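Throughout, read-outs are computed from the coordinates displayed, never taken from laboratory work. Being a predicted model, the structure only gives us computed values, none of them experimental. Positions of Cβ are generated from backbone atoms using ideal geometry, with glycine treated the same way; all protein chains shown enter the neighbour counts.
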Amino acid sequence: MTYLAKPQLHYPALPVNRLGYTRRDYEGSVSTLCAGCGHDSISAAIVQACFELDIEPHKVAKLSGIGCSSKTPTYFLGNSHGFNSVHGRMPSVATGAALANRELIYLGVSGDGDSASIGLGQFAHCMRRAVNMVYIVENNGVYGLTKGQFSATADKGSKSKRGAVNADAPIDMVMLALQLGATFVARGFSGDKTQLVPLVKGALLHRGAAFIDVISPCVAFNNHPGSTKSYDYVREHNEAVNRLDFVSPRKEITAEYAPGTVEEVVQHDGVAIRLRKLHSDFDAHNRIAAMNYLQERAAAGEIVTGLLFEEPHPEDLHARLNTVEVPLNRLGDGELVPGPEALERVNDAYR
Amino acid sequence: MKPIEAVNDFVVKFANVNGSGSASANTLFARSVQRMGVPVSPRNIFPSNIQGLPTWYEVRVSEAGWLGRRGGVDLMVAMNPQTWDQDLQEIEPGGYLFYDSTKPLPKSKFRDDITVIGMPLTEICNETYVDARERQLFKNIIYVGALSALLDIDPNEIAQLIGEQYKGKEKLLKPNIHALQLGRAHALARIACPIGLRVRRADRVGERIFIDGNSAAALGAVWGGATVCAWYPLTPSTSLAEAFARHCRRLRVDPDTGANRYAIVQAEDELASIGIVIGAAWNGARAFTATSGPGVSLMTEFLGLAYFAEIPAVIFNVQRGGPSTGLPTRTQQADVLACAYASHGDTKHVLLFPEDPRECFDLGAAAFDLADRLPTPVFVMMDLDIGMNEVLCEPLAWDYSRRMDRGKVMTAEMLEAGREFGRYLDADGDGIPYRTYPGTHPLRGAYFTRGTTKDRYARYSEDGPVYVDNMERLLAKFATAKRLVPKPVLRRCAKPTRSGVIYYGSTAAAMAEALAALEGQGIHVDAMRVRAFPFADEVADFIAGHEAVFVVEQNRDAQLRTLLVNELAIDPAKLQPVLHYDGTPITARFIAGRIAARLALANVKPLKKVGP
């Protein structure tokens, strides 16, 4: 059996959100990934984020490509439409889907094999085109489903399980996303849920191209000494530059912070994101400074995580194309088929 | 050699250098003949280049209304020294040569079996204009003026067309009219006008329109309700997407808000184009792409997904010469098999074959209904000949009682009422399953779309019987498609015959003329124009009803014939290929010649072999 439905047990004590849903209502089927896989923690973070933001599960469309990471949409949001497309092509499918109905939330889940190799072009064009979506790359530096080959994000000099040393330069998808104009760029670690859940929430609220690179160790093929994507290595080298908190507008800020260390950004629906700075020299609203900072810290061997850049007033593809407010998939004959006079004018123009 | 005498029945060919502004002058010439009520069929023969290489514009004038390419040239307007020798060779004996005589040419550069008409065009331009670009552009208009005198074309029709073109642009209107008069006056004063070729006013155009297939197909997409277009520039399909953009700007803007009821994305490549189309169609928008053979090659992986996951998509394939980059600016019908079976594994796709721009509009719009109804990819198989050339055809018409057929879409109300939903469930016995759009219902109707095998309820499964069940249903669906696609068009000849001919797409214009020519020779052939794949039962009946059937195509490998043999289990010996694939449009002379020769051969009783 290759499909496992999750048993719907009733836990009366589970908390419900404003829609009356429990966290269980945001789950999918049982994961078939390896025990301890970082990807399952990311699925759990997505479930948590959607539950906490009171998102109606069916208003999310989840899309993916091919690979271990791309299997995960089966394991969360079971009441959402999902689309497991072809290798490296999730971005184009998501672009089309987003054009057809601007009212849904588009959640694209991909991996480093899917997005940094065959899909690098589509990833790049999706970012520069400002598709209103959340684009998560579950980044483990390795091809899992084909058993342990290096991916394009593997660091130069990192060792494979079989002892081979990677000789090629790595692709840094965060740097690419920043350079290509993504308006929400973050890096998380699947082993740090308290950091990851708010990042996913921030991305879900963002109305533009939101990209999260999540380092997500592969327990089967890339969690050994010599790997730079293992749990141990990432924990040792993780430098979080900030922490996100979510504040409902009705609640007052009660905690005390040192001046200059907290910043609030109010989102389109009134929810405020509170950004607690952990590094006073890092500014998450300055794209160029963020790129410089990331380059410097990467050279020093640090893996910088947190919200790396956010444009508070993003523009998306629909705005650029000046499309109508009504989703295109809801327009009928009346709106789409020009009348008989228009047809006659067309014919006359060709005489 | 007696000069050719012909009224309303001749071929004029313009040999130009591309980028010299000749295209609009040549179109002006063609349209002026049309305005005199005489049908013309012009064809651009152009290189894959922007400036400096040879380009030709061939205009067939035919009061009888034959719109196929005739072959041969009666009047050559030779404006390109690079191709002089080749152009001269093409002129029919007794034909005419019109050339720029500013620079004297040795007698050896001419032929003595043609009438040579020289006019010092460069000299006239240099005397009249100072600006280099003006000298170039108006030279073209000057020769159109001269031709009006030589061929007895009403200059008022040309002036009228210039007026329409430059409406509100007085600055451009006046010098164009002046150049026209300059050329005409010069010809009338110095050359015996008219020559043996003449245009005489007739009434054979009527209400018909003069439109290229790419524009007509784009209009088909507008009327067909397409809202998403994703494309990548590729000759000869580029002008289709550009025409869609142009027409949408006038026809698809919300009058109250000024916002667009459409979205057009010029994608990074053909892979992304078809991906966007599939994503949009999956989410309930009507979406299409326009491409040519090389683009289809790139799209095949996604096409397999759309076939297997059952997602609508409309692909306009404006075919060009292949394989590889092949003949990028020439015409062929060589993607039939590549499209019919696009992608790995067992796949079959719906193909539509429009004969002219009017059918590009009709079948283009119909493709969206079919794609939604089935739901599956549908190809509109055009080609460069009808896509990029203006063709005289019936005006576009629309039945306003018609509504978009969005196919079997299960709504929130249906789900709420307890209707059983299985994304790949054959609910009605026609092989066509229901689908839901994302976001339809909070608890029902969601499913996972994937390229891997799944059961009737879209659940992942690699079980053999589950896989076979789904593949068999896809065949049942294809059988239903056979009943939904446009029917073939049958043309019975005057007398009962055992011979038939099958043809499709842009071959229609030459075929009509070929059939008339054959009939004139007493050769009777029934003809069937195939308009779609899967083949309707009428196609099999037609083949069964004739002893021998010619299959006329514009490719090397007889691709439609292969498809007929393969899909209808026809004895290959019964289907005789008639193939034209040098990149030029097929001609009636070619078709009639081949068919007449084969039938003559078949009727000859073998002679007794005489010793060596």
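Observations on the model:
- Note on chain B: the alpha carbon radius of gyration divided by the globular reference 2.2 N^0.38 Å gives 1.08.
- The simple Förster model, with R0 at 41 Å and r as the Cβ-Cβ distance, assigns A:E341 and A:D269 a FRET efficiency of 0.45.
- Alpha-carbon geometry of the stretch B:6-198: the Rg and the Dmax are 15.6, 48 Å, given in that order.
- Across the stretch A:74-84, computed HN-Hα scalar couplings (Karplus, 6.51 cos²θ - 1.76 cosθ + 1.60, θ = phi - 60°) run 5, 9, 9, 6, x, 9, 9, 5, x, 9, 9 Hz from first to last residue, x flagging Gly and Pro.
- Under the Karplus curve 6.51 cos²θ - 1.76 cosθ + 1.60, θ = phi - 60°, whole-Hz ³J(HN,Hα) for the stretch B:431-447, x wherever Gly or Pro sits: x, 9, x, 7, 10, 10, 7, x, x, 6, 9, x, 10, 10, x, 6, 7
- A:G148 long-range amide H proximity, modeled H, under 5 Å: A:Y143
- When Rg and the Kirkwood Rh are both derived from Cα coordinates, the Rg/Rh ratio for the stretch B:192-317 amounts to 1.17.
- Put simply, when B:502-509, B:57-64, B:280-287 are sorted by average Cβ atoms within 10 angstrom per residue, most first, you get B:280-287, B:502-509, B:57-64.
- Our Cα-only numbers for the stretch A:84-230 put the radius of gyration and Dmax at 15.2, 49 Å.
- Computed magnitude of the charge dipole of the stretch B:357-457 (debye, nearest 20; Cβ of K, R +1, Cβ of D, E -1): 700 debye
- Calculated P(r) of the protein assembly as shown - Cα pairs past 46 Å, %: 40 percent
- Working from label points 7 Å from Cα in the Cα-to-Cβ sense, the B:A397 to B:A476 distance is 3.8 nm.
- Stretching B:D541 away from B:D582 to a fully extended chain increases their span by 11.6 nm, per 0.36 nm per residue minus the current alpha-carbon distance.
- Cα centre as origin, Lys/Arg/Asp/Glu Cβ charges: the stretch B:43-160 dipole, Debye: 360 debye
- Segments B:72-84, A:112-124, B:107-119 sorted - mean Cβ within 10 Å per residue, highest first: A:112-124, B:72-84, B:107-119
- Paramagnetic label reach from B:N603 (point 7 Å along Cα→Cβ; backbone nitrogen cut-off under 17 Å): within the stretch B:515-550, residues B:515-526, B:547-550.
- Taking only the C-alpha atoms of the stretch A:23-329, the Rg (one decimal) and the largest Cα-Cα distance, Dmax (whole number), read 18.2, 56 Å.
- Rounded FRET efficiency, nearest 0.05, which uses the C-beta distance separating B:T411 from A:E315 and R0 of 41 Å: 0.80
- Of the two radii for the stretch B:1-105, the radius of gyration is 0.96 times the Kirkwood radius, both from the alpha carbons; that is the Rg over Rh value.
- Ranked list, fewest to most other Cβ atoms within 10 Å of each Cβ, for B:M382, B:M299, A:M90, B:M36: B:M36, B:M299, A:M90, B:M382
- Inter-label distance for A:A13 and B:K107, nm, one decimal - labels placed 7 Å from Cα along Cα-to-Cβ: 11.5 nm
- For the stretch B:155-217: rounded, prolate or oblate by the Cα gyration tensor [a/c cutoff 1.5]: oblate
- Each Lys and Arg Cβ is given +1 and each Asp and Glu Cβ -1; about its Cα centre, chain B then shows a dipole of about 820 debye.
- Here the ratio of the Cα radius of gyration of the stretch B:308-428 to 2.2 N^0.38 Å is 1.31.
- Beta bridges per DSSP, both residues in the protein assembly as shown: antiparallel share near 35 percent.
- Among beta bridges that DSSP assigns inside chain B, antiparallel share in %, nearest 5: 35 percent
- Taking a ≥ b ≥ c as the square roots of the eigenvalues of the Cα gyration tensor, the stretch B:118-207 is classed as oblate, since a/c reaches at least 1.5 and a/b does not exceed b/c.
- Prolate/oblate/rounded call for the stretch B:489-603, Cα gyration tensor, a/c under 1.5 rounded: rounded
- The simple Förster model, with R0 at 45 Å and r as the Cβ-Cβ distance, assigns B:A132 and B:E164 a FRET efficiency of 0.95.
- Distance-filtered residues of the stretch B:543-578 - backbone nitrogen under 16 Å, label point 7 angstrom along B:T497 Cα→Cβ: B:543-553, B:575-578
- Sequence of B:I91, B:I162 once ranked by neighbouring C-beta atoms within 10 Å, starting from the fewest: B:I162, B:I91
- A crude spin-label estimate for the pair A:E239 and B:H178, with each label 7 Å from Cα along the Cβ direction, gives 7.2 nm.
- Across every direction, the projection of the convex hull enclosing the Cα atoms of the stretch B:211-393 has a mean area of 9.4 nm².
- Loop trypsin sites (Lys or Arg not before Pro), the stretch A:68-149 (other Cβ atoms within 10 Å of the site Cβ: 11 or fewer; DSSP): A:K147
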